[in-house]
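Undergrad: I'd like to ask some things about the structure below.
The values are calculated or read from the model by the stated rules, or taken from the named source; none is laboratory data. On a predicted model such as this, the values are computed, not experimentally measured, just so you know. Because the Cβ atoms are built from the backbone with ideal geometry, glycine has one as well, and the counts that use them run over all protein chains shown. Heads up: the accessible areas ignore ligands, DNA and RNA and are worked out on the full protein's heavy atoms, side chains in. Shrake-Rupley method; radii C 1.70, N 1.55, O 1.52, S 1.80 Å.
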Amino acid sequence: MSEVSKTNERLVFGDKGFNIYSAGESSVEEFFSVIQACEDSEISISSVINSDPVTSLSIPAGMPIYGTLKGVTVVSGKIIAYKR
């Protein structure tokens, strides 16, 4: 397995830790590699590398979102955000 693959695997599995956010909570400055919904949730993401910001995204419980993500706000529900 290449060093890049090993690094990516560690990021996906929370090697740098994670934060849990509920409705009304947000993170402005921290980067995340995966966001997973603990329950049906709606989120906004102000900065997505190589993509447009997400103003409103419904995520069903258990579904992960991958990328380099910053400025996460939980409108409703509860998420786990894995640090990048």
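Undergrad: If you take the beta carbon distance between THR68 and SER2 as r and set R0 to 22 Å, what does 1/(1 + (r/R0)^6) give as a FRET efficiency, to the nearest 0.05?
TA: Efficiency, rounded to the nearest 0.05: 0.70.
Undergrad: For the chain, give the magnitude of the charge dipole about the Cα centre (Cβ charges: +1 Lys/Arg, -1 Asp/Glu; no others), in debye to the nearest 20. Mind showing how you got there, number by number?
TA: Details: 7 positive and 10 negative charges, 48 e Å.
Here the chain has a charge dipole of around 220 debye.
Undergrad: Computing the accessible area with a 1.4 Å probe over protein heavy atoms, can you report the carbon and sulfur percentage for the stretch 13-79? Write down the numbers at each step before the final one.
TA: Working: 1920 of 3740 Å².
On the stretch 13-79, the fraction of accessible area on carbon and sulfur atoms equals 51 percent.
Undergrad: Contact order normalised by length for the chain, with contacts defined as Cα pairs under 8 Å and 6 or more residues apart; what percent is it?
TA: Worked out over the chain, it gives 44 percent.
Undergrad: How would you order 45-53, 32-40, 57-65 from highest to lowest mean count of nearby Cβ atoms within 10 Å?
TA: On the way: 45-53: 12.3, 32-40: 19.2, 57-65: 13.9.
By packing density, highest mean first, the sequence is 32-40, 57-65, 45-53.
Undergrad: Lys pairs in the chain, Cα-Cα under 16 Å, at least 8 apart or on separate chains: how many?
TA: 5
Undergrad: Quick one: Karplus J couplings for the stretch 33-44, per residue in order, coefficients 6.51, -1.76, 1.60, θ = phi - 60°, nearest Hz, x for Gly and Pro?
TA: With coefficients 6.51, -1.76 and 1.60, one gets 9, 9, 10, 10, 7, 7, 8, 3, 9, 10, 10, 10 Hz.
Undergrad: If you don't mind, there's one more thing I want to ask. So with the 1.4 Å probe, I'd like the accessible area per residue for the chain, rounded to whole Å².
TA: 59 Å²
Undergrad: Taking the Cα atoms only, what angle lies between the long axis of helix 3-12 and the longest principal axis of the chain, rounded to 10 degrees?
TA: 30 degrees
Undergrad: Oh, and also: Given that compact globular proteins tend to follow 2.2 N^0.38 Å, what is the ratio of the alpha-carbon Rg of the chain to that value?
TA: 1.04
Undergrad: Got a sec? Charge dipole of the chain, +1 on Cβ for Lys and Arg, -1 for Asp and Glu; which of LEU57, SER5, ALA81 is way out at the positive end?
TA: Farthest along the dipole direction, towards plus: SER5.
Undergrad: If you don't mind, another one. Per DSSP H run of n ≥ 4, the term is -39500 (n - 2.57); total these for the chain, divide by its residue number, and report the mean residue ellipticity at 222 nm rounded to 500 deg cm²/dmol.
TA: Here the helix-only value at 222 nm equals -3500 deg cm²/dmol.
Undergrad: What is the spin-label model distance, in nm, from LYS16 to SER76 if the labels are put 7 Å beyond Cα along the C-beta direction?
TA: Calculated label separation equals 3.1 nm.
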